Amino acid sequence: MAQSELTITVTAENVAELSDRVLPYRMRHSSQQAPAAPNKFWDQIQSQIDRANELFNALTEQQQAEVVAIELALEKYRTDKQNAEDEQQRIRRRDANLRNSGCRPTDADRDALTGRNLIQTAAVTTAWEWFYTTRDHPVLLLSGTTGNGKTYAAMNLIATYAHDSMYLRADQAVKIFAAHFGPQLEQQERARDVNLLILDDVGIESDSARMQDVLVDIIDSRASARETPTVITTNCGKKQWAERYSTQRLMSRMCDRVRWEAITDVDMRRQSK
């Protein structure tokens, strides 16, 4: 009786089922003397099972590679989405800091101060270094000509600072500290105690004598460089300042507590045109 050849096609879907049936059978009959033809039959089946496993494993590796690529893309999307949300939150926080302090920058300056396009100037670098690094004096005074970034640098500190800040122009400060009753008294106390005070454009006020009293009051009450830092901006040079505010009371305090920085950058307004 002639032995017929059998050909069995095994696919990835039935590999597991076929292996479960074939392998136990071979294990049960491995110790028995089997004829050559049946051994060849089982060898063909095992060969096709091995081939199917190879194809199945290759397909799995390809799928795993695709899954990894998808996971990486999803992770990048989540990271980009989180970064965008963090950026929007940072912009809202900086904008709130500016509004709550009382300063009103131009739209262009506000966009730069709240976003990533901060204009780097000598004044910005000087203020940043003093505020976030040395803080060696309670008061930083930035002097220089109009438009060279003094106010912009001071506002940048307000935008980035995590605590309460207050912005006053010199003429506002004179009016507030001249009052003896009403809501201005609360503003006086806030100016003395707020974490960060910006006193802008000192020298433009009409009453320089009263301004001297305001400066003495502020310097005296804000004596801690760490707890109550103060930034003053002015267009006056040292000579003009001494002529305008000549009292010994003020000058003696400035010697010990004020760091004077002359800013010589070009006019930011002309630079931007």
Problem - Bins of 5 Å, starting at 0 and running to the largest distance - Cα pair percent for segment 192-273 - result: 3, 12, 23, 25, 17, 10, 6, 3, 0
Problem - Fully extended contour minus Cα-Cα distance, from residue 56 to residue 99, at 0.36 nm per residue - result: 9.1 nm
Practice task
Straight distance only, please: which aspartates and glutamates reach the Cα of residue 175 with their own Cα at less than 15 Å, same-chain residues fewer than 8 apart left out?
Solution key: 186, 189, 200, 201, 205, 207, 213, 217
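With a cut-off of 8 Å between alpha carbons and a minimum separation of six or more residues, what is the relative contact order of segment 107-271 in percent?
Once divided by the residue count of segment 107-271, the mean separation gives 36 percent.
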Practice task
Can you tell me the relative contact order of segment 95-170? Whole percent, Cα pairs under 8 Å, sequence separation 6 or more.
Solution key: 51 percent
Exercise for the section: Go through 237-245, 142-150, 176-184, 60-68 and give me the packing order, highest mean Cβ count within 10 Å leading. Expected result: 142-150, 237-245, 176-184, 60-68
Problem - For segment 107-271, diffusion coefficient by Stokes-Einstein and Kirkwood Rh (Cα), 10 °C, 1.306 mPa s, µm²/s - result: 99 µm²/s
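Taken together, the values in this text are just the output of simple stated rules run on the coordinates, not laboratory data. Here the structure is a predicted model, which is why all the values come from computation and not from measurement. Don't worry about glycine lacking a Cβ; one is built from the backbone with ideal geometry, like all the others, and counts go over all protein chains shown.
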